[in-house]
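The values are calculated or read from the model by the stated rules, or taken from the named source; none is laboratory data. Just so it is clear, the structure is predicted and the values come from calculations on it, not from any experiment. Glycine also receives a Cβ, built like all others from the backbone with ideal geometry; neighbour counts cover every protein chain displayed.
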C-alpha cells in the first residue's frame, strides 16, 4: 500500500513539530552545537570536510559540530521532510536558485547579508549571485562548476578531428566525421532525463540567450522563438542518431549508462559538468579510463547568446533559521580559509575563493576554470533555477524530443504550460 | 463480538428467604459475580491485545488517509502553510493530464495481462510440479526462488540482462531495445513482473491442488472423462477459491505497482511505462506538488477500495461462508 506509506510519511512529518532548540543564538562563548548536513559522501571531499570540522572545533572549544553526510537524492528527500516539520539543520548544502528562494520565502533560512558582507567579496561574483534572493544573501558558495563537452582524445584523432569544434556547425560536422569512422559520437543517459536537458538548455542559452532564459523563468515565455529554434537545432542533432544504442533506457551513472559508455571508450563525446571525469573513471572497466579533453559548448551563428554565457551551477551552504552566529563563522572558515585550497587540490571542487583557483591541478579542470573566469553570465541548472515542477517539465518535454515523440514546438509549449500552471 | 453472557440468562439468584437445598445454590451469586469479573477480564485482555495494533492502525493507516484526503484539496508545495484551497481542482487536473490517464491505462493493462497470462501460466506450472515428474522438488524451488528476491534486486538484475548487448540480446532470436523502445517497454516489464510473481501464485495453486481428494478425479476418469474434461469439470471448480484469492492479490499488486518500474525505467521512456504509484512519487518528491500528489494517492485508494469491496461482496462471498466441497457439488 504505497499510497498509505507515503501518506504515513507525510503525517509523521506533520506530527513532529517539537523543537530541539539545537542552538538558539547563544553566541557569547557558551557551548553551541552546529548541525551540519553535507553531500560529500565520497572521498576525497568527505575527508576534507571532516578535517575542516575537526580543525574548527579544535580552535573553538565551545563549538561542537554534528555532521550528517547524505547522498545527493537522499539529502533532498530528507531535507524536504525535515523542513515540513519546521526543523532546519544549522548549516546545509544548497545549490542556490529557485529552491533556496522557496526556502527563503518560507523563512526557513537566515538572511546572512550582514554577517557575510566583510568577506563575501573574496568569492567569485557569479557564484555568490546564485545564493541571492531579491538582493539578499541567503547562502555562501564553495564551488562553481560548468557544463561543457568532454571528449575522448584518441577517438577524435581516429576520426581525423584536429581541433575541438567551436561552432555548432563545426560540431555537427565532427559528429558526421565520427559516424563515418564508425565511432558512436555521443554518450547519453536519457533515462535520467537531465543529461538530455543539458543539450536543450545549452542550445537555448546560445540561441535564445541568457536574458530570454531569465525572462522565461519569470513569465513562462518558453514558447518564444529562440526556444523553438533551439529545439529545431537539437532535433537536427537527434536525427543524426549520434547516441549509443538504447540511450533512452540508460542512466547517467551505473551499468550500461552514459558514464560507463564514456569511461570504456565506446563514445567520443559527453556534455557534462566538472564531475564527469571522476564518474567516467568510476564506471570504467579498465584501471585507466581514456584520455580526455574539454571544450565549452559551441556557439551558434546568429544566436542571441554570446560565448561568455555558460551553463553550470554552484555548491554551497545555507544557514538554517535557528542557527547560532557561530554557524556563519564556520561557513566563512570553510570557504575562505586554506580549506578552499585543500578542496580545490582534492580535484572534487572548483573553488570560488579568489586566488584559490590555482590549487586545481588537473589541466582539464583548469580549462573549465579559465572558461569560468571569462564567463559573463552563468545560467544555473534548470531544475535549480526554476520551480521544481517547471524543471521537471523541461526534462519530460525534452525526453519526448529525444524519443522522437514530440516536435520542438510541442516541447516549448508543454514547458510554457507547466510554467503557467505554476 | 464475543457471545453475551450477562446475568439475564442465568437462573435468578436464590434469596435468603428460600430454604437452601444445598450449598451450590448458596454460592450462585458468588459464581455470577465471578463470571462478570471473568467477562471483564476477557474484555481487558482483548483491549490489551488490540490496543497496540489498533493504535498503530489508526496512526499509520487511518490518520494518513484522512490527512491525504485533506491535503488533496490544496495546491501545496510541501513547504509552508496550507493556505491555497482549490477544492476538487487537483482531481480534475489528474484526469485531464494525459500522463496520469496513461499511467492508469498501464495499470489496467498489467491487471488484464496478469489475470489472463500470468495466472494461467502459474496454474500450468503448478499442474506440472504437482504431477509425478522427475525432479519436481527441484522445479518447485526453482520456480519459487524469484519471489524471494526483493523487487529492487530483481529490477537491477533484469536491467543488466536487458541492456543492449546483454543476456537477453544473446538469447532472444530478435534484437530489440527491450527497455528503450516506448512501444514494448511495458510488456518487457510485464515479463519481469511475471517472472517474479508466478512462483508465488504457483505455490498457492499447488496447495489448492493438493487439497483436492484424488478420488474425485479418479471417479471421473473411471466414468470415462478425458484428461481435459477432468481438469475442466473437476479440478478447476475445486480450485475456485484459490484462483479467486490469487486473482485478488494479483489485481491489488498491479494497482500498487511501483518498485520494479522505479528501478528499471523510472516510468519512461516518455512515460511509456508509467504507473499511478510512480506518477504519485514523481509529482510529490520530485516536483514538490504534494497537494496534487495527495489527490493521486486518494484516487489510488478509492480504486483499490472499490475493487476490494466489490470483490469481497460478489466474488469472495461464496468462499468466505462455503465449505470447499460444496463448491464442487454445486
Criterion violated by residue A:381 - all others in (1) within 14 Å of chain B (Cβ to nearest Cβ); (2) surrounded by 20 or more Cβ atoms within 10 Å (Cβ to Cβ) satisfied: (1)
Check on residue A:236, over 30 Å from residue A:40 (Cβ atoms), more than 23 Å from the chain's Cα centre (by Cα) and in contact (Cβ under 8 Å) with a residue 40 or more places away in the chain: yes
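I need the helices (runs of 4 or more DSSP H) fully contained in region A:77-161, keeping only those with at least 3 residues that are more than 14 Å from every other protein chain (Cβ to nearest Cβ) and over 27 Å from residue A:299 (Cβ atoms).
Numbers: elements: A:97-105, A:113-116, A:125-129, A:153-158.
Counting at least 3 such residues, we get A:113-116.
In this structure, does residue A:344 turn out to be surrounded by 23 or more Cβ atoms within 10 Å (Cβ to Cβ) and within 14 Å of chain B (Cβ to nearest Cβ)? Let's see the steps before the verdict.
On the way: surrounded by 23 or more Cβ atoms within 10 Å (Cβ to Cβ): yes; within 14 Å of chain B (Cβ to nearest Cβ): no.
The answer is no for residue A:344.
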Condition broken by residue A:378, with the remaining ones in (1) at pLDDT below 90; (2) assigned to a loop (DSSP other than H, G, I, E, B) satisfied: (2)
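Select from region A:112-126 the residues that are in contact (Cβ under 8 Å) with a residue 24 or more places away in the chain and more than 23 Å from the chain's Cα centre (by Cα) and list them in ascending order. Spell out the reasoning first.
Of all residues in region A:112-126, those in contact (Cβ under 8 Å) with a residue 24 or more places away in the chain come to A:112-113, A:115-116, A:119, A:122-124, A:126.
Listed by number, the residues that qualify are A:113, A:115, A:116, A:119.
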Extreme residue, farthest from residue A:154 (Cα to Cα), among residues of region A:185-204 that are in contact with a strand residue (DSSP E or B) (Cβ under 7 Å, 6 or more places away or on another chain) and outside any helix (DSSP H, G or I): A:188
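Matching residues to (1) modelled with pLDDT of 85 or more; (2) outside any helix (DSSP H, G or I); (3) touching a strand residue (DSSP E or B) at 6+ places or on another chain (Cβ under 8 Å):
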site	(1), (2), (3)
B:2	no, yes, no
B:5	no, yes, no
B:12	no, yes, no
B:21	no, yes, no
B:38	yes, no, no
B:46	yes, no, no
B:61	yes, no, no
B:67	yes, no, no
B:76	yes, yes, no
Helices (runs of 4 or more DSSP H) lying entirely in region B:151-224 (those with 3 or more residues that are assigned by TED's automatic domain parsing to the domain that holds residue B:106 and buried (at least 21 other Cβ atoms within 10 Å of the Cβ)): B:151-162, B:185-210
Residue pairs meeting the criteria (Cβ under 6 Å; at least 6 apart or on separate chains; first at positive phi and away from chain B (no Cβ under 12 Å), in region A:243-265; second part of a loop (DSSP other than H, G, I, E, B) and crowded, with 19+ Cβ neighbours inside 10 Å): A:265/A:290
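Confirm whether residue A:270 is at pLDDT below 90, closer than 30 Å to residue B:155 by Cα and either touching a strand residue (DSSP E or B) at 6+ places or on another chain (Cβ under 6 Å) or in the same structural domain as residue A:197 (by TED's automatic domain parsing) (or both).
Details: at pLDDT below 90: no; closer than 30 Å to residue B:155 by Cα: yes; either touching a strand residue (DSSP E or B) at 6+ places or on another chain (Cβ under 6 Å) or in the same structural domain as residue A:197 (by TED's automatic domain parsing) (or both): yes.
No.
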Residue satisfying all of: in region B:125-140; assigned to a helix (DSSP H, G or I) and surrounded by fewer than 13 Cβ atoms within 10 Å (Cβ to Cβ); modelled with the lowest pLDDT among these: B:137
Conditions (1) under 21 Å from the mean Cα position of the chain (by Cα); (2) at the interface with chain A (Cβ under 9 Å from one of its Cβ atoms); (3) part of a loop (DSSP other than H, G, I, E, B); number of the one not met by residue B:272: (1)
Any hit, region B:88-105, residues being more than 11 Å from every other protein chain (Cβ to nearest Cβ), in a loop (DSSP other than H, G, I, E, B) and modelled with pLDDT under 95: yes
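Take the conditions within 30 Å of residue A:248 (Cα to Cα), in a loop (DSSP other than H, G, I, E, B) and not assigned by TED's automatic domain parsing to the domain that holds residue A:83 and apply them to residue A:400. Does it pass?
Values: within 30 Å of residue A:248 (Cα to Cα): yes; in a loop (DSSP other than H, G, I, E, B): no; not assigned by TED's automatic domain parsing to the domain that holds residue A:83: yes.
It is false that residue A:400 is within 30 Å of residue A:248 (Cα to Cα), in a loop (DSSP other than H, G, I, E, B) and not assigned by TED's automatic domain parsing to the domain that holds residue A:83.
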